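The values are calculated or read from the model by the stated rules, or taken from the named source; none is laboratory data. Keep in mind it's a predicted model, so treat the numbers as computed, not measured. Note that each Cβ is placed from the backbone with ideal geometry, even for glycine, and that neighbours are counted across all protein chains shown. Surface accessibility is based on the protein's heavy atoms, side chains included, excluding ligands, DNA and RNA. Shrake-Rupley method; radii C 1.70, N 1.55, O 1.52, S 1.80 Å.
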Amino acid sequence: MGRAKHFFSVTDPRNVLLSGSQLESAKNLLNLYRQCKEPSGTTEEQIYAAKKMYESAYHPETQQKMFLPGRMSFQVPGNMTICGMMLTFYRTTPAILFWQWVNQSFNAVVNYTNRSGGSEISESLLFKSYVAATSCAVGVAVGLNKATSKLPPLVGRLVPFTAVAAANCVNIPMMRQSELVEGIDVLDEKGEVVGKSKSCRPLCNYTSHSESHPHGNPWHGFDSSNNEHT
């Protein structure tokens, strides 16, 4: 349940509307909280609100602010718009080419933005993944569109979904291949990298926290070894 609440919080599309100053204020409040220097009268609700804002915009490992279209909070408005367009304009080849290209460009931004903090992706690999996924999506979409041209319209509307699914089977493994081949960083209780693990690579990179007192929760994405709260 705690994991579900965490991801509902991170993917809340309202976080897209947060200004830079609001995000910076949330980050500063959490930093003060970690040092037991939060302003007098700060409530648990304020800490949780700051945590929600911080996690929606900052990378959990690098603590760097993420590119807006690549944030999880942008997934709902971004994907809704693109999926709506692909389902609407699927009859002509130029429309298929354009919207599949837009979709794969968006996916590339999301995958790159949310990559593991310890995994560097070269420009060459990024380009190859992008071209491979886009080519796969366009090829599948155009081919299936022609194959289903004489079938009921409902069948034709399933073509974009199939094309996107096929492209993701290419895009994600290529974009994240360094993690799949080399493994992901393993940290000790002090937050220091002690090596890489290939057995942990299928697991998600985020650690969800169950519901508890906010003194335990707001540090998803922070080095907990410096948290002086008890």
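Would you confirm whether any residue within the range 113-122 is under 19 Å from His59 (Cβ atoms), at pLDDT below 85, more than 14 Å from the chain's Cα centre (by Cα) and in a helix (DSSP H, G or I)?
no
List the pairs whose first member sits in the range 1-15 and is under 19 Å from Asn114 (Cβ atoms) and outside any loop (DSSP other than H, G, I, E, B), whose second member is open to solvent by 60 Å² or more (accessible area, probe 1.4 Å) and modelled with pLDDT under 85, and whose Cβ atoms are under 7 Å apart, counting only residues at least 6 apart or on separate chains?
His6/His209
Just to be sure I understand the filter: pairs with C-beta atoms under 7 Å, separated by 6 or more residues or on different chains, first member in the range 79-93 and among the hydrophobic types (A, V, I, L, M, F, W, C), second member open to solvent by 70 Å² or more (accessible area, probe 1.4 Å) and modelled with pLDDT under 85. Which pairs pass?
So the pair list comes out as Leu87/Arg157.
Could you identify the single residue in Gln63, Gln100, Gln75 that is open to solvent by less than 20 Å² (accessible area, probe 1.4 Å) and either within 30 Å of Leu154 (Cβ to Cβ) or in contact (Cβ under 8 Å) with a residue 60 or more places away in the chain (or both)? Before the answer, list the steps.
Details: Gln63 fails: open to solvent by less than 20 Å² (accessible area, probe 1.4 Å); Gln75 fails: open to solvent by less than 20 Å² (accessible area, probe 1.4 Å).
From the options Gln63, Gln100, Gln75, the qualifying one is Gln100.
Can you pull out every residue in the range 17-41 that is open to solvent by less than 30 Å² (accessible area, probe 1.4 Å) and either in contact with an Asp or Glu (Cβ under 6 Å, 6 or more places away or on another chain) or aliphatic (A, V, I, L, M) (or both)?
Leu23, Ala26, Leu30, listed by residue number.
Conditions first: (1) at pLDDT below 60; (2) of a type in the set (A, V, I, L, M, F, W, C); (3) outside any loop (DSSP other than H, G, I, E, B). Leu203 passes all but one, so which condition is the exception?
(3)
Can you pull out every residue in the range 45-60 that is part of a helix (DSSP H, G or I), in contact (Cβ under 8 Å) with a residue 40 or more places away in the chain and not hydroxyl-bearing (Ser, Thr, Tyr)? Please lay out each step first, then the result.
As a first pass, look at the range 45-60 and keep what is part of a helix (DSSP H, G or I): 45-57.
Next, only the ones that are in contact (Cβ under 8 Å) with a residue 40 or more places away in the chain stay: 47-48, 50-52, 54-57.
Passing the criteria: Ile47, Ala50, Lys51, Lys52, Glu55, Ala57.
Looking only at the range 144-166, which residues are in a helix (DSSP H, G or I), open to solvent by less than 40 Å² (accessible area, probe 1.4 Å) and farther than 14 Å from Asn103 by Cβ?
If the condition is that a residue be in a helix (DSSP H, G or I), open to solvent by less than 40 Å² (accessible area, probe 1.4 Å) and farther than 14 Å from Asn103 by Cβ, then Asn145, Gly156 are the ones that fit.
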